[in-house]
1. Could you pull out every one of the strands (runs of 3 or more DSSP E) wholly within the range 285-373 that has 3 or more residues that are within 25 Å of Glu200 (Cβ to Cβ) and modelled with pLDDT of 95 or more?
2. Any residue at all in the range 386-402 that's closer than 30 Å to Ala280 by Cβ, part of a loop (DSSP other than H, G, I, E, B) and touching a residue at least 12 places away in the same chain (Cβ under 8 Å)?
3. How many residues are modelled with pLDDT under 95, hydrophobic (A, V, I, L, M, F, W, C) and in a helix (DSSP H, G or I) when one looks only at the range 4-54?
4. Which numbered condition in (1) touching a residue at least 24 places away in the same chain (Cβ under 8 Å); (2) farther than 26 Å from Met426 by Cβ is the only one that Gly69 fails?
5. State whether one or more residues within the range 219-232 are in contact (Cβ under 8 Å) with a residue 24 or more places away in the chain, surrounded by 13 or more Cβ atoms within 10 Å (Cβ to Cβ) and not assigned by TED's automatic domain parsing to the domain that holds Ala395.
6. Select from the range 152-174 the residues that are under 28 Å from the mean Cα position of the chain (by Cα) and more than 16 Å from Ala25 (Cβ to Cβ) and list them in ascending order.
7. Determine whether the range 186-200 contains at least one residue that is in a helix (DSSP H, G or I), among the small types (Gly, Ala, Ser) and over 19 Å from Ala353 (Cα atoms).
8. From the residues in the range 255-271 that are in contact (Cβ under 8 Å) with a residue 60 or more places away in the chain and in contact with a Ser or Thr (Cβ under 9 Å, 6 or more places away or on another chain), which one is surrounded by the most Cβ atoms within 10 Å (Cβ to Cβ)?
Amino acid sequence: MPDGELVCARESGDDRELPGGWRFARLRDVAIEMFGGGTPSTKNPKYWGGQIPWTTSAVIAESDTVLSGYQRSISEIALRESSTRIAPAGSLLIGTRVGVGKCVVTPFAVAINQDLTAVVVKADAAIADYIAFALKLDSIRRWIDGAKRGTTIKGIPRDDIGRLVLPLPPLEEQRAIARVLRTIQRAKEATEKVIAATRELKKSLLRHLFTYGPGPLASMSQVELQETPMGAAPAHWTIGRLGDPDVAEIRTGTSAFPTKYPTGAERLLFLKVSDLNDLANSRVVTRAASEARLTTDSLSKLSYVPTGSVVFPKRGAAIATNKKRLTGQPSLLDPNLIALCPGSNVVPKYLLAWLENFDLRSITDDATLPQINKKDLQALAFPIPTSSEQERIVASLDAVDGKLDADRCLSWTLSSLFQTLLRDLMSGRRRVRGTERSAETTASDGDRS
């Protein structure tokens with residue numbers, strides 16, 4: 001590929017000059033060496049289980065910039081008798097065959113397979129951490145995606161990666177930029193761990209509430225239980241069926257959005273599976289890609305799903321995601337969704353909570369296209385506490401959901417901040433405080449030489 005076809009790490013349309021002391025450089029020009037690896041024969045047991053870490057790109061996530069583990073370990077014999085090579089600690093590992101574009105710095109020496117290219121960086125030219133972040137710029141990711149070649153496995157030639165052009169500030173500023181981005185990245189990782197822990201807490205809380213009810217933990221052993229088809233539950237709870245009229249009404253979707261009705265003040269959503277993925281709809285669906293304003297009379301003529309219904313996937317691979325949402329507006333459903341409209345004995349959020357504790361895959365018909373049949377939903381045993389107990393269960397879960405929402409918002413904010421700073425710091429639009437003078441001094445020294 002001719003050098004002229006390569007795109008440097010500058011967003012299209014940005015004609016600004018680099019700050020003083022900065023320069024553009026190809027990756028190969030800041031590398032001592034670039035090399036690939038290999039896989040020792042899996043048929044030879046002498047090659048495996050040794051003391052040398054060995055990895056592929058499979059253990060590297062797209063967002064990673066530091067290698068945190070490895071896949072297997074190999075022996076000294078494997079190192080001598082196969083094409084694998086050891087990347088020294090501090091090297092860049094770039095996916096060039098499988099996991100193309102993934103890039104991390106390895107903090108320990110590790111042998112690599114053929115999916116990865118190791119780049120040993122010149123200490124006086126670039127900081128490996130800085131380059132790992134630079135390779136996450138949108139302009140570079142787009143170029144890498146467009147440069148993939150191959151039929152069965154689409155990779156990118158090592159020579160092309162070597163010709164990739166990067167913006168390089170002085171070493172001190174590279175360190176400062178990497179430090180800022182790493183701080184945000186670690187904050188996001190910590191937030192994601194909190195979110196994961198809170199989700200596990202919610203799972204445990206759901207199991208407890210639907211087994212012992214909303215009473216205090218100290219009195220748990222005093223709760224008399226009954227056995228139900230769905231497991232143990234407090235003995236004083238009524239056990240009905242999900243299809244009972246006073247429990248829920250099951251409504252399916254339609255394939256057509258109503259266009260013949262006059263415009264009015266009533267807001268109607270037309271929900272699709274993709275709308276359940278919207279971050280704004282993490283618990284309650286308040287917006288959709290398609291919606292309309294209708295007259296009250298028009299709305300009364302439609303078989304819609306009222307506010308406070310629980311919607312979830314009815315067919316296809318989306319069932320396995322187990323996403324359930326409460327409608328915040330009257331809604332029509334497309335054929336891939338189904339809804340439960342709570343009856344007189346059921347609080348809407350309690351119905352949602354019970355469904356969150358239920359795996360939709362357990363009633364999925366996989367004969368052809370995965371789908372949930374109405375009759376299987378109707379037959380499910382459903383525990384019905386008193387209204388006050390339902391409200392107390394909902395209140396307990398609302399506290400946990402509130403924390404989840406706040407942490408998800410923080411995670412999204414950190415992701416947005418990371419992308420903004422990544423773009424601005426790597427282009428010199430924004431500078432890390434204290435590095436501007438260093439860059440100007442470096443440029444001045446270059447002029448005198």
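1. 310-313
2. no
3. The number of residues fulfilling the criteria is 0.
4. Condition not satisfied by Gly69: (1).
5. Yes: the range 219-232 contains one or more residues that are in contact (Cβ under 8 Å) with a residue 24 or more places away in the chain, surrounded by 13 or more Cβ atoms within 10 Å (Cβ to Cβ) and not assigned by TED's automatic domain parsing to the domain that holds Ala395.
6. Thr152, Ile153, Lys154, Gly155, Ile156
7. Yes, the range 186-200 contains at least one residue that is in a helix (DSSP H, G or I), among the small types (Gly, Ala, Ser) and over 19 Å from Ala353 (Cα atoms).
8. Checked the range 255-271; the qualifying residue surrounded by the most Cβ atoms within 10 Å (Cβ to Cβ) is Leu271.
The values are calculated or read from the model by the stated rules, or taken from the named source; none is laboratory data. Given the structure is predicted, the values throughout are model-derived calculations rather than measurements. A quick note on method: Cβ atoms are made from the backbone with ideal geometry, for glycine too, and the neighbour counts reach across all protein chains shown.
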